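The values are calculated or read from the model by the stated rules, or taken from the named source; none is laboratory data. If you're wondering where the values come from, they're calculated on a predicted model, not measured in any experiment. Note that each Cβ is placed from the backbone with ideal geometry, even for glycine, and that neighbours are counted across all protein chains shown. Only protein heavy atoms, including side chains, enter the accessible area calculation; ligands, DNA and RNA are left aside. Shrake-Rupley method; radii C 1.70, N 1.55, O 1.52, S 1.80 Å.
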Amino acid sequence: MSEYAIEIKNVTCKFDGFLLDNISFSVPSGSIMGFVGRNGAGKTTTIRSMINSVTPDSGEIKIFGLDNCKYEQKIKEDIAVVFDEIPFPDTLTPLQLGKVFAGLYKSWDGKQYLSMLERFSLPQKKRIRDFSRGMKMKLQICTALSHNAKLLIMDEATSGLDPVVRSEMLDVFQEFICDEEHSIIMSSHITSDIERIADTVTFIDNGKILISGVTTEILEDHGILKCSAEEVSEISDEDIVSVRIGEFGADVMIRNRIKCGGKYSRFIINNTTLDEILLFYVRKGKGREWSV
């Protein structure tokens, strides 16, 4: 097995007024990576580049250590993709859909598929068009996990779902990688889901990678320093991501809590979240300080 399930190196893709700008990141085998960004940040373009439905202008993409274009058919036998919109004909039933997939994948596991349908309480003979959004997403997960895929690629798969359904799915994803032979890349703007299950996280905005690394380390490394608007000038630029100025003072996102804790001991430095980290890095591109 390759050390990395996914390797993206210096990928650039230009089309329709959008630029995926020389991005690089990797997903270690046996792990979950959260791919986080606003709508339109470049998540879907990146994912479509991985599965070769969008052709980059430059750069290299490897899946399981193999070139994603040269070994496309071999790779696609071992991956499963879940989109935010269901791609199945809505006149079919889950039972009929299973027969279709049995003809598409050599490794299709019919017993596993029926077991997954039962686990998610999905009716086998009801037409897909009569399913709720949550049921349709569960059906995609059932098909994705029933052909022994080594890599699960999800593009906003949990967006728009209620917390109970999302929690069910996250449990399944964690089970999927527990043997350390399976991997997941999960694109989402719901950072609470990423914080719960992702081993690593990559932030993207406007086609550029903002930050990438181990989730716990990113959370531990960053913090919110509380001070007045006038005291912001006491903080070195090298320690600041960006500054939120409010009615009652300033929130300074700092990027090295241990170092800053010693340098600025008279200030309070609070824990932060992936949501706030994304916000402060995105706003950094518009200027160091911003008001609310």
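Numbers for the structure displayed
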| quantity | calculated |
| --- | --- |
| Whole-Hz ³J(HN,Hα) from phi, Karplus 6.51 cos²θ - 1.76 cosθ + 1.60, for region 244-257, glycine and proline x | 9, 9, x, 5, 10, x, 10, 10, 10, 7, 9, 10, 8, 5 |
| Fraction of accessible area attributable to carbon and sulfur, region 174-292 (%, probe 1.4 Å) | 47 percent |
| Carbon + sulfur, % of accessible area of region 1-90 - ligands and nucleic acids excluded, 1.4 Å | 45 percent |
| Lysines whose Cα lies under 17 Å from that of K263, excluding same-chain neighbours fewer than 8 positions away | K226 |
| Principal semi-axes in Å for the chain [√(5λ), Cα gyration tensor, largest first] | 39, 21, 17 |
| Inter-site label distance for T216 and Q112 at 7 Å from Cα along Cβ, in nm | 2.9 nm |
| Proximal aspartates and glutamates relative to K74, as straight alpha-carbon distance under 19 Å, when same-chain residues fewer than 8 apart are discounted | E3, E7, E60, D109, E181 |
| Accessible area of the chain divided out per residue, in Å², using a probe of 1.4 angstrom | 48 Å² |
| Inter-label distance for S236 and K99, nm, one decimal - labels placed 7 Å from Cα along Cα-to-Cβ | 7.0 nm |
| Label zone at F15 (point 7 Å along Cα-to-Cβ), backbone N below 14 Å, region 37-73 | 42-58 |
| Sparsely packed trypsin sites (Lys or Arg not before Pro) within region 173-277, loop by DSSP, other Cβ within 10 Å at most 13 | R266 |
| Cβ-Cβ FRET estimate between K263 and K208, R0 fixed at 41 Å, reported to 0.05 | 0.90 |
| Alpha carbon convex hull of region 1-110, volume per residue in cubic angstrom | 135 Å³ |
| Residue-count net charge about A149 - beta-carbon cut-off 9 Å; Lys, Arg +1, Asp, Glu -1 | -1 |
| DSSP beta bridge pairing in the chain, given as percent antiparallel to the nearest 5 | 60 percent |
| Local electrostatic count at L122 - Lys and Arg +1, Asp and Glu -1, tallied over other residues with Cβ under 15 Å | +4 |
| Scattering profile of region 37-174 at q = 0.15 Å⁻¹ [log10 I(q)/I(0), Debye over alpha-carbon scatterers] | -0.80 |
